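The block underneath contains the structure these notes are about, expressed in structure tokens.
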Amino acid sequence: MPETIKIAYLYEDLMNTYGDSGDVKILAFLLKEQGYDTQVDDVSLNADFNAFDYDFLFFGGGQDFEQSVVAKDISKHKQTITDYIEANKPMLCICGGYQFLGKFYETSGGETIQCLDILPFHTVFKADARMIGDTEYQTEWGTVKAFENHSGRTYFDDKNMLKPLGNMVEGYGNNPEDGAEGMRYKNVIGSYSHGPILKNENIARAIADKIIQSHKERMAN
């Protein structure tokens with residue numbers, strides 16, 4: 001029987017805009033090619049959750065209302081997500097899911113919404129200056145083409161600790177000033193790329209390889 005790789009989709013029922021669930025489907029297809037079955041669990045409101053029960057965490061994007069609901073629930077998972085990240089385990093966070101790993105996001109009305117404060121970055125919303133359209137950027141794994149649609153502008157507070165996912169060729173990325181898209185820290189990727197991002201086979205296969213390694217480590221423990 002094939003081994004089963006376990007994926008936790010954080011708040012799948014709430015954080016799934018612009019085809020983000022397609023990222024998980026693409027990974028399941030690539031993992032199937034390499035002989036693995038995939039189990040995807042929706043870790044949503046009021047769920048018990050131990051990140052180390054999984055080989056990969058996925059956190060998609062959501063609308064403002066859904067993000068406000070998630071913000072009230074997710075803090076209880078901060079420690080297990082932090083420990084998972086620091087153990088070099090793989091995680092992909094898109095748009096709102098990306099923002100939640102940071103310190104806070106500031107609404108256009110000036111309200112500060114506390115996020116998980118796991119990584120040193122923050123987001124400021126500019127509702128009158130939405131960043132939308134096709135994007136292209138260069139990464140460690142080559143060119144990525146995707147789609148962005150966000151009002152949040154994300155800024156790194158520690159540029160030595162955090163690195164961009166890629167350098168912009170077309171589009172805005174994290175914000176209009178920095179010329180950078182997304183974030184990398186250890187084996188965590190944050191990105192504003194929808195479309196989904198993993199339609200880009202180069203980055204999809206790179207993440208699939210990380211998931212398989214994570215699975216082998218979990219099974220060995």
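Accessible surface for Glu170 stands near 90 Å², nearest 10, in the context of the full protein assembly shown (1.4 Å probe).
Using a probe of 1.4 angstrom, how much of the accessible area of region 87-175 is carbon and sulfur, in percent? For region 87-175, the apolar C and S fraction of the accessible surface comes to 44 percent. Ordering Phe147, Gly190, Thr135 by Cα displacement along the dipole of region 116-221 toward the positive end leaves Gly190 in first place; charges were set at the Cβ atoms of Lys, Arg (+1) and Asp, Glu (-1). Place a point 7 Å from Cα of Asp83 in the direction of its Cβ. Which residues in region 95-136 have their backbone N less than 19 Å from it? What the label zone holds, given the 19 Å backbone N cut-off, is 116-119. One decimal place: the segment Asp209-Asp41 gains 58.5 nm when fully extended, by the rule 0.36 nm per residue minus the C-alpha distance. With 0.36 nm allotted per residue and the present C-alpha distance subtracted, the Tyr155-Lys76 stretch has 26.0 nm of extension available.
Over region 80-165, accessible surface divided per residue gives 40 Å², non-protein components excluded, 1.4 Å probe.
Computed about its Cα centre, the charge dipole of the chain is approximately 360 debye, with only Lys, Arg, Asp and Glu carrying charge at their Cβ. Taking only the Cα atoms of region 54-137, the ratio Rg/Rh comes out at 0.98, with Rh defined as the Kirkwood radius.
Reported to the nearest whole Å, the Cα centre-to-centre distance from region 60-74 to region 161-221 is 21.
The values are calculated or read from the model by the stated rules, or taken from the named source; none is laboratory data. Source: prediction; values computed, not measured. Please note: Cβ atoms are built from the backbone with ideal geometry, for glycine as well, and neighbour counts cover all protein chains shown. All accessible areas refer to the heavy atoms of the entire protein, side chains included, with ligands and DNA or RNA removed. Shrake-Rupley method; radii C 1.70, N 1.55, O 1.52, S 1.80 Å.
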